[in-house]
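Presented below is the structure to which this report refers.
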Amino acid sequence: MKKVKLLIAILSVILLLSACNSKKEYSFVEVKNNQIDHVHGLGYINGGNEFVIASHNGLYQYSEDGWQEANREKHDYMGFSAVREGFFSSGHPEQGSDLKNPLGLVKSIDSGASFEQLAFYGEIDFHYLTAGYDSNTVYVLNETPTENLNSGLNYSTDEGKTWIEATMKGFNSTYISNLAAHPSKEELLVIGSKDGVFISEDYGQNFSILNPAEMITYVTLNETGGYYTNFDETRVYLKSFSLENSVEDNIELPKEVMTDPIIYIAVNPNNQKEIVLVTNNLNIYQTKDLGISWDKLASNGKLTSN
């Protein structure tokens, strides 16, 4: 009997250790599914030089070694915002997960291996979400009002513990491409729209036009300015802009992108000349010299081989 009890105890320890080891084994591995059908986010997470794309089937990472995919935690990421500590996100858990659906606002500091449930867990799926890369101030556009969060623009300076509703006075467009928070100035936010780039310097309470360019499809901020993309009947544009003045510079794009609107932009915080683009047709490009040359990393959602 003692031998049986000892054997059971040993087996229990082995199972426990196996479970712990399994939990630690999360990593980015060789891509098995190299066809991506939807992209819902893009960014450089955890202060690194590798960027990730958030998809319906988890995270994909691109580094000097090429594409890799997360070997588990393959959630349907919707709202997604990279920060120096990791990323904030929302969406739906993968099939078979123990996580509640929807995810509400979650945060990961280990590249997606685990998540802290910050707010509205099991209540809200945020499609419009942004966070300051260094401030961690979170802005969401809530499309499904609940007892705990009104519809419209809301923000939190304490990672979801408390929320304040923003009045958005002065914002008068009927189409929003995305929200973009300033990396360190928690009160500064821009919104891309069909009527231009709107800017707020008081947490979204009041907005004014920063740039009247039409049909903005994405805008992002860095410390001194940012980038926006738009299109007209002739072509697609990518431009850098300053927050201090009206100076803009046109960034040359690959010919194929000229007729393929850009839906996501990410800039490497460690190298402002390094930009990644995702287009409407899921073509992915990267430049490391501010548009002088571009590398194509995916064609119509099919990731390039390493």
Sulfur and carbon atoms: percent of accessible area, the range 116-275 [1.4 Å]: 46 percent
Using the Cα centre of the chain as origin and beta-carbon charges of +1 (Lys, Arg) and -1 (Asp, Glu), tell me which of ASN142, PHE231, THR220 is placed farthest towards the positive end of the dipole. ASN142
With 30 Å as the limit, write out which pairs from LYS161/LYS239; LYS74/LYS194; LYS74/LYS255; LYS32/LYS194; LYS74/LYS169; LYS74/LYS161 have Cα-Cα distances beyond it, or answer none. LYS161/LYS239; LYS74/LYS194; LYS74/LYS255; LYS32/LYS194; LYS74/LYS169
Relative contact order (percent) for the chain, with alpha-carbon contacts under 8 angstrom and 6 or more residues of separation? 11 percent
I need the calculated FRET efficiency for the pair ILE109 and THR234, taking r as the beta carbon distance and R₀ as 45 Å, to the nearest 0.05. 0.55
With an 8 Å cut-off on Cα pairs and a minimum separation of 6 or more residues, tell me the relative contact order of the range 130-203 in percent. 27 percent
Explain nothing, just the number: dipole magnitude of the range 183-288 about its Cα centre with +1 on each Lys and Arg Cβ and -1 on each Asp and Glu Cβ, in debye rounded to the nearest 20. 340 debye
As a test of understanding, state the convex hull volume per residue of the chain from its alpha carbons, in Å³. 147 Å³
Partner aspartates and glutamates whose C-alpha sits under 17 Å from that of LYS185, ignoring same-chain residues fewer than 8 away, are GLU85, ASP134, ASP158, GLU159, GLU201, ASP202, GLU223, GLU244
Extended-chain gain in nm, criterion 0.36 nm per residue less alpha-carbon gap, THR146 and LYS288: 46.8 nm
Angle, helix 2-24 long axis vs. longest principal axis of the chain, Cα atoms, 0 to 90°, nearest 10? 10 degrees
Suppose all protein chains stay in the model; what accessible area per residue would a 1.4 Å probe give for the chain, in Å²? 48 Å²
Estimated dipole of the range 48-116 in Debye, rounded to 20 [Cβ of Lys and Arg +1, of Asp and Glu -1, Cα centre]: 240 debye
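The values are calculated or read from the model by the stated rules, or taken from the named source; none is laboratory data. On a predicted model such as this, the values are computed, not experimentally measured, just so you know. Reconstructed Cβ throughout: ideal geometry from the backbone, glycine too, with neighbour counts over all protein chains shown. Ligands, DNA and RNA are excluded from the accessible area calculation, which covers all protein heavy atoms including side chains. Shrake-Rupley method; radii C 1.70, N 1.55, O 1.52, S 1.80 Å.
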